[in-house]
Every structure is written in structure tokens, then in C-alpha cells.
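The next block holds one structure in the form of C-alpha cells; read it before the comments.
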Amino acid sequence: MPRPFLKWAGGKTGLLAELLERVEAAQPFSSYFEPFIGGGALFFELARLGRLPGCAVLSDANVNLVSAYLGVRDHVDAVIRALLRHKSLHSRDHYYAVRDAAPRSLPARAARVIYLNRTCFNGLYRENSRGRFNVPMGRYKNPRICDESNLRACSKALQPAQLAVKPFQHVLDAGRTGDFVYFDPPYHPLSKTSSFTSYDRAGFGEKDQRLLADVFAQLSARGVKCLLSNSMTDLVRHLYADFTIEEVYAPRHVNSRPDRRGKIPEALIRNF
Ligand SMILES: C[S@@+](CC[C@H](N)C(=O)[O-])C[C@H]1O[C@@H](n2cnc3c(N)ncnc32)[C@H](O)[C@@H]1O
């Protein structure tokens, strides 16, 4: 512990060993930035291993997600109390009432996101075009709504972290020579029909992928160490042609066949 307290689309638990190897190659660094924090798999693993510098800046464009982190960091007791209440009331009616609610206080907002994440269909956070969480209830027999000890461990890990709702470009304002940035953007889709981009109402299209590559190049020129994960597509290969691009395979793609056919490669790109 700590482990991610949210299950997030694109969560990096399966690639942790590959990522850690690269982070170690970038050590030492002054500040750690993660501008697409999502479930925060790499951040929590580095915290667990004691491999983070004194300053970590975590951000994401999703306001509800960042509220959950702020609630857990600053009000973990109140978040746990609210989750225990959700647990005792959990039912179909309660789920849809919470889904439609917009609580004001930070702990209540954090508990709402965690409760919905634990009990919704597929456990994935997805918002519709009006920014509303629109996932139906899942069919879990006994969902783990309140993992108290892990929430406390996450709260502890988050104490030194700065948290912000910001688009990824903000790292350009803050990143200095000797810092480290891990970018885990919504993946560039492998085909036009695979719509793996609707994390929030804004989506993340080719324009954003190009802008991100530009931010990566600017930080590189400044001496900021950057690591980025993405799908292995022609666009990604083209955008990062000046940097080291490695092909990696997350264990979730491993099947019983001994060769690599049938598995989907992912790209790890670095400038160090
Ligand atoms: C692939 S997920 C990150 C997964 C995370 N590394 C993990 O282990 O769970 C991508 C994240 O990017 C965020 N995002 C989408 N567009 C963004 C933008 N323009 N700026 C910052 N964050 C954005 C989404 O809200 C989502 O949390």
C-alpha cells in the first residue's frame, strides 16, 4: 500500500515494471510531474517505494477526479465516514440518487466519485457531452466501497503533492531543467472506429496529440526528463521520431501463445 483508490480507464498497473525501470534510469530528479493523473498507478507505486522527490505535482483536466484526490489528501476521515454511509445505503435507488446528486463539500464530492467508481458498470468513470457521469449501476455482488486502510495510505502518500485541475500544457509553465514528467494521455486510437477517447466531454483528438508532442519537444529542449506512454500508431511514431520509442507489452495482452502474435504493442517514449 498505497494502491490506486480509483479504477481508471487506461490505468497503468499492467505496465508498472516497464515504467519503473525507465523512471529509475531518469533518477535523480528535482520535481515529479504527472499531468494526466487518472488512477495514479505510477505515482502511488513510486510513493510506496520511496522513490519520489520532495515535490510532486499531479494534475488532470477532470475536475471530479481531482476533487477525489483533494478530498482523500485533506479530509480522509470525512471521506471514509461518507463512504461507510454509502456502503450501508447501497442499493439501486441509492446509486442513481448519488449519480444525480451534486454535493457541495469536498469530502462528499470525493466520496461520491469513489462510491460510483466502485459500484458502476465496468468500474469506469465516463462523462457524457454535458459533463455528467452517465454510467449505469454495475452488477457486483459485494463491491469494496470503502477500503479504509488503503485510503489512509493514499492520503499519506498525497500529503506532499500539489494537486490541480489543469490541461496538460501547464507543465510548460512549471517544468525546470532536472525535473521529471510522466505523460499518460488518452491513447491515440488504433483505428478510426475504436472510440477510446471519451474520458470526459472534451475528448482527446489528433490536434491534442500533436500539441502534446510539441510540449514534449519543448520540455526536452529545456532539459526536463520526459517519459510518455501511448499506443503504437503511425502518428505516434511520426510525432516522436526524434526520441527513443520502445515497444512494450502489458501483461493483460499476454495469452497462452509463446510468440507475440495477437498481442497489442504499446509505445514508451523517452528523451533521456
Ligand atoms: C490514460 S488516463 C491516465 C491513466 C493513469 N496514468 C492511471 O494509471 O490510471 C488519461 C487521463 O487524461 C485526462 N485528460 C484528458 N484530456 C486531458 C487534457 N487535455 N489535459 C489533462 N488531462 C487530460 C483524463 O481525465 C484521464 O484521467
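We did not get these values from a lab; they are worked out from the coordinates using the rules stated. Just so we're clear, the structure is a prediction, and the values are computed from it rather than from any experiment. All Cβ positions, even for glycine, are placed from backbone atoms using ideal geometry, and neighbour counts span all protein chains on display.
Estimated at 0.36 nm per residue, the fully extended path between Ser30 and Glu148 surpasses their Cα-Cα distance by 39.3 nm. Taking every lysine pair in the chain that is 8 or more places apart or spans two chains, those with Cα atoms closer than 24 Å amount to 19. Rounded to the nearest whole angstrom, the semi-axes of the ellipsoid equivalent to segment 8-53, taken from the Cα gyration tensor as √(5λ), stand at 17, 12, 9, largest first. How high is the FRET efficiency between Glu246 and Asp173 when r is their beta carbon distance and R₀ equals 51 Å, given to the nearest 0.05? That pair, Glu246 with Asp173, gives E of 0.95. Relative to the longest principal axis of the Cα atoms of the chain, the long axis of helix 106-119 lies at roughly 80 degrees. The value of relative contact order for the chain, using C-alpha pairs under 8 Å at least six residues apart, is 22 percent. For the chain, find the longest principal axis of its Cα atoms and tell me its angle to the long axis of helix 63-74, 0 to 90°, nearest 10. Relative to the chain, helix 63-74 is tipped by roughly 70 degrees. For the chain, the longest principal axis of the Cα atoms and the long axis of helix 76-89 meet at an angle of about 60 degrees.
Shape annotation for segment 8-85: C-alpha extents along the principal axes are 44, 27, 23 Å, from largest to smallest.
Only Cα sites of the chain enter the Debye sum here, all with the same form factor; the resulting log10 I(q)/I(0) across q = 0.07, 0.11 1/Å is -0.25, -0.63, listed in q order. Scanning residues 5 or more positions from Ala56 or on other chains, those with amide H under 5 Å from its amide H are Tyr32, Gln162, with H placed 1.01 Å from N in the peptide plane. Once both labels are positioned 7 Å from their Cα atoms along Cα-to-Cβ, the gap between Ser191 and Arg48 label points is 3.5 nm. Sparse packing (at most 14 other Cβ atoms within 10 Å of the Cβ) combined with a DSSP loop state is found for the following chymotrypsin sites (Phe, Trp or Tyr not before Pro) in segment 116-166: Tyr140. Computed extension gain for Ala101 through Leu89, at 0.36 nm per residue and net of the alpha carbon distance, reaches 2.8 nm. Here the Karplus relation 6.51 cos²θ - 1.76 cosθ + 1.60, evaluated at θ = phi - 60°, turns the backbone of segment 231-247 into coupling constants of 6, 9, 10, 4, 4, 4, 4, 5, 5, 10, 4, 7, 10, 7, 10, 10, 9 Hz, with x for every Gly and Pro. A helix-only calculation puts the chain at -11500 deg cm²/dmol for mean residue ellipticity at 222 nm, using -39500 (n - 2.57) for each DSSP H run of at least four residues, averaged over all residues. In the elastic network of the chain, a GNM with C-alpha springs shorter than 10 Å, the most mobile of Gly40, Gly54, Gly138 is Gly54. DSSP bridge analysis restricted to the chain gives an antiparallel fraction near 45%, rounded to the nearest 5. If you take the alpha carbon atoms of segment 78-148 and fit the smallest convex hull around them, that volume is 81 Å³ per residue.
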